[in-house]
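So the structure is just underneath, and the comments pick up after that.
The values are calculated or read from the model by the stated rules, or taken from the named source; none is laboratory data. This structure is a prediction, so every number in the text was calculated from the model and none was measured. Neighbour counts are summed over all protein chains in view; Cβ atoms, including those assigned to glycine, are modelled from backbone coordinates with ideal geometry. Keep in mind that these areas ignore ligands, DNA and RNA; they rest on the heavy atoms of the full protein, side chains included. Shrake-Rupley method; radii C 1.70, N 1.55, O 1.52, S 1.80 Å.
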Amino acid sequence: MKQSEAFLQCQSCKKIIFSVDFEQNLRVCPYCGHHHRISAETRIQWTFDEDSFEETDTDLRSGNPLDFPDYIDKLRTAEQKTGKFDSITGGRAKLSGMPVSIAVADFGFMGGSMGSVAGEKITRCLERAANEGMPAIIFCASGGARMQEGLLSLMQMAKTTAAVQQCREAGVPYIAVFTDPTMAGVLASYASVADVIVAEPKALVGFAGARVSKQAGVSKVPDDFQTAEFCLKHGMIDAIVPRKEMRATLTSLVKTLGGHLLEVKA
Amino acid sequence: MSAMDHNSWESELRELETFIANAKERSRKEQNESDKALLEDQILKLEEGRDKYLKALYTNVGDWEKVLIARAQKRPYTQDYITALFQDFVELQGDRNGFADNAIIGGPALFEGKPVMIVGHQKGRNISERQFRNFAMAKPEGYRKAIRLFEMAERFNMPVISFVDTPAADPGVESESRGISEAIAASIMKMFELSVPTVAVVIGEGGSGGAIGIAASSRVLMLQYSVYSVIPPEGCAAILWRMPERGPEAARALKLTAQQAQSFGLIDEILPEPIGSAQRSPIEMFATVKEAIAKHLGELEVLTPDQVREARFAKFRKMGQFDTVAPAKK
Ligand SMILES: [Zn+2]
């Protein structure tokens, strides 16, 4: 999808869409409703109050603790592509005037994979919510734990999940939004223990990647396998919310579940 | 060319052992005294040679070879440790929500006279057992049973001992539809809620999410030749090079050994294995594991419930390695 061009092709139904229409429709295909992936920056701009976002933790950058082959090259390429050090962009923002602690994943940065930096930023987002008494909202988009940081990545699952526990103790709501894709180590940690989980339509959501399933001999799968719709049907998420309605839905959730926090502040 | 399983890695050793066994049999049957003495002498030399070979084979074991040892079919499994280290174990089953899992087992037992709760992955020794145990790949109900046992441990003030030995959590359609990811996440979270001490011992394979699901413990110990990894080496090789057979290379890249886990500050202690690994002298291994569990429980026992929880949070909070630099600019 080249934004500079006057029209482009939907990645799902392959129909041609005018760029202006596409942008106005929040990069959702007007024909088939496919929600195209968007950057963390765009997501923040479209979801939270204008100019309310204060980014934190911009100084965290992955090293190569395992000396893993080609990892540094992959990191530098992703850094150049996104202008960020990591897949997670975190900070404070306002949603319809209400303060929230947010973290937003960008699949464009190494598949949104969770290494030490992503784990630290998610943890800080949740801790900030617990410590400052505001709801946490996390937009997930990840293939899972970052292989290139080995066991350090796996331990981020425990670290981030422990931080969710701190939100519960502090009585602040935590809302997770599953966007395409929310997988494996991210799904099996902080993402799945949110108070409320909403997902974008048709988002890929699952534990085992296609290759892993294939190796394990999983062959026959339902048509909607590992989609947001499959999760909803099996009681694993609360709702499917189209991009256009996301801001309104999150606002209602923050007003209600986080209502007690607003009264204290007022 | 790397060996692809533990048996073939030890094949020369096995040949030597078979040869010695045959020689012993011949010596037993030998009537002629001087021939018998000659044979006995040769057997002694052969045994010396075998010991030397064994020691050499187990000196500087490669990362991939540790994977093979960790997966070895004769390695002691969770049930073996339960039998050897605990008394009055009663297996408790079911998730009380419609499902039972046989890849994770657990229940209360006495450890040195004191009540503890045990939770562990269980592998099978033969084909039918392996199928029954689903190759130690737990489904959601396995983690939900674990949560039930963790809650019971908290209620009755019993420390929790986990034995970790799984290739991964079950990746099937059933597990997805019953929420395997949520079950693992909820189990990890439950472990952070506990105010009783928790000790996890990685006895074989620590396979990614399936492992950490029962290992977010106050203390995490690994046997010398056990492995703990974010992804199986074959899976890593499949992603990196689209060649699962390059597992040995991926094993080195992943830094999945106990020694490397310790160097990253992710585990608390490495428990040395007997020469030739745990399977060669299980009794010796059991004694080492027992002593280590007793030591760590002893250290944790003196903490207040709040201190137990805080120490566990603090331990995992520190995990991760990154640089802090001037902020990124577009
Ligand atoms: Zn379309």
* Structure fact -> In the neighbourhood of A:THR123 defined by beta carbon distances under 12 Å, the net charge of the other residues (Lys, Arg +1; Asp, Glu -1) is +3
* Shape call, the range A:1-112: gyration tensor on alpha carbons, a/c limit 1.5 -> oblate
* Structure fact -> Comparing A:PHE225, A:PHE48, A:PHE139 in a Gaussian network model of chain A (Cα, 10 Å), the one with the largest mean-square fluctuation is A:PHE225
* **Area projected by the alpha carbon convex hull of the protein assembly as shown, averaged over all directions, nm²** => 30.4 nm²
* Asked: Using unit Cβ charges (K, R positive; D, E negative) and no other charged atoms, how large, in debye to the nearest 20, is the dipole of the range A:34-153 about its Cα centre?
  -> 260 debye
* Among B:ALA56, B:LEU46, B:ASN22, flag the residue with its Cα farthest along the positive direction of the charge dipole of the range B:11-57, charges on Cβ as +1 for Lys/Arg and -1 for Asp/Glu. => B:ALA56
* To do: Starting with the highest mean, order B:119-128, B:36-45, B:221-230 by the number of other Cβ atoms within 10 Å, averaged over the residues of each peptide.
  => B:221-230, B:119-128, B:36-45
* **Under-5 Å amide H pairs with B:VAL202, H placed in peptide plane, nonlocal only** => B:VAL164, B:LEU221, B:MET222, B:LEU223
* How many nm separate the modelled label positions at B:ALA21 and B:ALA100, each set 7 Å beyond the Cα in the direction of the Cβ? -> 3.6 nm
* Asked: Other chains near A:141-152: what is the mean number of their Cβ atoms within 10 Å of each residue's Cβ?
  -> 6
* Structure fact -> With a Förster distance of 45 angstrom and the Cβ-Cβ distance between A:LYS255 and A:GLN24, calculated FRET efficiency to the nearest 0.05 equals 0.95
* Accessible area, 1.4 Å probe, largest first: how do B:MET319, B:MET1 sort? -> B:MET1, B:MET319
* Structure fact -> Per-residue average of other protein chain Cβ atoms inside 10 Å, peptide A:59-69 -> 5
* Asked: Quick one: putting +1 on the C-beta of Lys and Arg, -1 on the C-beta of Asp and Glu, what dipole do you get for the range B:68-317 around its Cα centre, in Debye to the nearest 20?
  -> 360 debye
* Structure fact -> With a 30 Å threshold on alpha-carbon distance, the violating pairs from A:LYS233/B:LYS255; B:LYS24/B:LYS52; A:LYS74/A:LYS220 are A:LYS233/B:LYS255; A:LYS74/A:LYS220
* **Computed over the range A:137-266, Kirkwood Rh from alpha-carbon pairs, angstrom** => 15.8 Å
* Whole number in Å², please: accessible area per residue of the protein assembly as shown, 1.4 Å probe, ligands, DNA and RNA not counted. => 42 Å²
* Asked: Summing Lys, Arg as +1 and Asp, Glu as -1, what charge do residues with Cβ under 14 Å from the Cβ of B:ALA251 carry, B:ALA251 excluded?
  -> -2
* To do: Take every residue in peptide A:181-193, count the Cβ atoms of other chains within 10 Å of its Cβ, and give the average of those counts.
  => 6
* Structure fact -> Once Lys and Arg are counted +1 and Asp and Glu -1 for all other residues with Cβ under 11 Å from that of B:GLU182, the total becomes +1
* Highest first, please rank the peptides A:73-82, B:25-34, A:174-183, B:255-264 by the mean number of other Cβ atoms sitting within 10 Å of their residues. => A:174-183, B:255-264, A:73-82, B:25-34
* Starting from the coordinates of the alpha-carbon atoms of the range A:38-265, obtain the Kirkwood hydrodynamic radius over all distinct pairs and give the value in Å to one decimal. => 17.7 Å
* Accessible area (Å², 1.4 Å probe, nearest 10) - B:ASP5 -> 70 Å²
* **Which of A:MET98, B:MET4, A:MET110 is most accessible, then next, and so on - probe 1.4 Å** => B:MET4, A:MET110, A:MET98
* Asked: Packing-wise, with mean Cβ within 10 Å as the measure, how do B:265-272, B:157-164 rank, highest first?
  -> B:157-164, B:265-272
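Using only the Cα atoms of the range B:11-57, build the gyration tensor, take square roots of its eigenvalues as a ≥ b ≥ c, and label the shape rounded, prolate or oblate: rounded if a/c is under 1.5, else prolate if a/b is larger than b/c, else oblate.
Oblate, because a/c is 1.5 or more while a/b does not exceed b/c.
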* Tell me, what ³J(HN,Hα) does each residue in the range A:58-72 have, in order and in whole Hz, if you take phi through Karplus 6.51 cos²θ - 1.76 cosθ + 1.60 with θ = phi - 60° and put x for Gly and Pro? -> 6, 8, 8, 9, 5, x, 10, x, 8, 6, 6, x, 6, 5, 4
* Asked: Counting only the heavy atoms of the protein chains, how much of A:LYS94 is accessible to a 1.4 Å probe, in Å² to the nearest 10?
  -> 90 Å²
* Asked: Tell me, what is the percent relative contact order of chain B, built from C-alpha pairs under 8 Å that lie six or more residues apart?
  -> 15 percent
* **Accessible area, probe 1.4 Å, largest first, for residues A:CYS125, A:CYS32** => A:CYS32, A:CYS125
* Structure fact -> Taking every alpha carbon pair in chain B and sorting the distances into 20 angstrom bins from 0 up to the bin holding the longest one, the percent per bin comes out as 29, 52, 17, 2, 0
* Structure fact -> The long-range amide H neighbours of B:SER226, using H built 1.01 Å from N in the peptide plane and a cut-off of under 5 Å, are B:ALA258
* Within the protein assembly as shown, what percent of beta bridges assigned by DSSP are antiparallel, to the nearest 5? -> 45 percent
* To do: Please state the charge dipole magnitude for chain A, taken about the Cα centre, from unit charges on C-beta atoms (+1 on K and R, -1 on D and E), reported in debye and rounded to the nearest 20.
  => 600 debye
* Asked: Once Lys and Arg get +1 and Asp and Glu get -1 on their Cβ, which of B:PHE156, B:GLN224, B:ALA186 lies farthest toward the positive end of the dipole of the range B:68-317?
  -> B:GLN224
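Where both residues lie in chain B, what percent of DSSP beta bridges are antiparallel, nearest 5?
35 percent
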* **Calculated [θ] (222 nm, deg cm²/dmol) that DSSP helices of n ≥ 4 give over the protein assembly as shown, each run adding -39,500 (n - 2.57)** => -13500 deg cm²/dmol
* Structure fact -> Pairs over 20 Å Cα to Cα, from A:LYS159/B:LYS66; A:LYS159/B:LYS290; A:LYS121/B:LYS315; A:LYS14/A:LYS84, come to A:LYS159/B:LYS66; A:LYS159/B:LYS290; A:LYS14/A:LYS84
* To do: Would you please classify the overall shape of the range B:244-330 from the alpha carbon gyration tensor, given that a ≥ b ≥ c denote the square roots of the eigenvalues, rounded means a/c under 1.5, and beyond that prolate means a/b larger than b/c while oblate covers the rest?
  => oblate
* To do: Go ahead and run the numbers for FRET between B:SER8 and A:GLN80, Cβ-Cβ distance against an R0 of 41 Å, rounding to 0.05.
  => 0.35
* Would you give the gap between the C-alpha center of the range B:142-162 and the C-alpha center of the range B:263-305, rounded to a whole Å? => 21 Å
